[in-house]
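Input: a single structure, listed below in structure tokens.
The values are calculated or read from the model by the stated rules, or taken from the named source; none is laboratory data. None of these values were measured; they are calculated from a predicted model. Cβ coordinates were reconstructed from backbone atoms using ideal geometry, including for glycine residues, and neighbour counts include every protein chain displayed.
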Amino acid sequence: MEQPAAPMALDTEAGQQRRKAMARFAVLRPVLDDEVPLTFAARAAGVPLRTAQRWLARYRMHGLSGLERLTRSDAGVRQTPADLVGLIEGMALKRPRVSAATIHRRVAEAARAKGWRAPSYSTVHAIIARLEPGMVALAHDGIAGFRDRYELIHRHRAAAPNAVWQADHTMLDLLILDERGKPARPWLTTVLDDHSRAVAGYAVFLGAPSALNTCLALRQAIWRKSEAAWPVCGIPDMLYVDHGSDFTSLHLEQVSAALRFQLTYSAVGRPQGRGKIERLFGTINTELLPELPGWLSGGKAAAAPRLSLAELDRAIGAFVSGIYHVRPHSETGQTPLDAWRGDGFLPRLPDNLEDLDLLLIMHAKARTVQRDGVRFQGLRYVSPTLAGYIRESVTIRYDPRDLSEIRVFHRDRFLCRAVSEEHAGNTVTLKDIEAARRAHRQALRNGINERIARVADFLPVAGASSGAAKPGSPARPTRSKLKIYEEDGT
């Protein structure tokens, strides 16, 4: 015999129905357990015999749930004319959305005009509540809103490491100091391996996302890292991105063709397939950033920002390789590194870093080799190889994050790496150069203003009377000594 479930403690409609079912089961228990005649059990409980017979039949057919009072889904609706029901449903599906109270007021007016009995507010509300939620979402939120909430999706995981990579950007909930020392919100571009959830590469930057930032993240993702604890590298079979202008650039398509990987775009307005990389962004925003100065909570910084872009870059790298990669992922059950290594495989790599840079590092400038080397951004770059190319036109390619060296190409062939002797061993960014330029211009402006002020201090102002004005003060107009009207003498 089915044992009754414990009564629900919550004071909800379902809980109330369950308590009523248990009270009815108590009436039937002597009949079921001790084989007491139903007539005696009903009389002892003060329940009509016909009602007890109906309870017993429902219990034997449906169990304890058969003893709950069934509420009709169309309660209060059955007496409403079909035309009025259709009017209520149509108004509930119109855009823009209106409240049930507004619908009730307008429907009551329409019913009176037709000579019908005006429905109560509860009846109108019940009719609206019977509408299929997906239909309501489609009517009010359009295809995109319906798809995001009610459309069936397929959760796919790549079959092997480096089979599918995902790339995307996010603005971090953090303030850092830019090259001027002013607070700014940085962006993060991440490349994620779909199979293992391992981070293949990333780039942090200020300003809007661009194709350059994507290429810098891909460069780190594809090439071997210097850290032994971060072995993820290789060329993917497919790169999955959205329809942002930085991802749909001709340059990225050329890179995919040259490296022989498929570039796949998500459907416009359908971000469901990028949920894995969005989860990674959430992990960084909720676990790493609250530990850093300048973290934004509720739109306000919890502490004054102190980090530079380079310091934030190092913090993210340490979190990825030291924490995220070495703890088990809740969906795969493995650490991202173990899942990426798998049973062991050899990732597909470019022949050399120079070929990869030729494809990915977009910033390229034409220069002429001078006798003292190549000059760029106010720096001088030298290499013994350049001795044979004096007066030759070359193309230089550079990483804006590190201007201590450039790569020189001659007729699309890698020639050499040239270094800035002034900054050998140091990393000089393009932002450092720009900041130095601004500081120099400001110093010149200060000098100009100081010299102009000296001119005003030592030269008398034209038209000023001798001794009437202090040096540097504006001259006051002098009154004419010629009296023309009688009033001038007063």
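Kindly indicate whether any position in segment 266-280 is at pLDDT 90 or above and crowded, with 17+ Cβ neighbours inside 10 Å. Looking for residues that are at pLDDT 90 or above and crowded, with 17+ Cβ neighbours inside 10 Å, one finds at least one in segment 266-280, hence yes.
Do we have Arg197 as touching a Pro at 6+ places or on another chain (Cβ under 6 Å), of a type in the set (Lys, Arg) and outside the structural domain of Asp399 (by TED's automatic domain parsing) here? Yes, satisfied. Please go through segment 406-456 and give me each residue that is on the phi < 0 side of the Ramachandran plot, within 37 Å of the chain's Cα centre (by Cα), at pLDDT below 80 and not in a helix (DSSP H, G or I), ordered by number. Across segment 406-456, the qualifying residues are Asn426, Thr427, Val428, Thr429. Residues that are of a type in the set (Gly, Ala, Ser) and outside any helix (DSSP H, G or I) were ranked within segment 101-121; the one that is surrounded by the most Cβ atoms within 10 Å (Cβ to Cβ) is Ala118.
Annotation note: of His329, His325, the sole residue that is more than 19 Å from Ile176 (Cα to Cα) and not in a helix (DSSP H, G or I) is His329.
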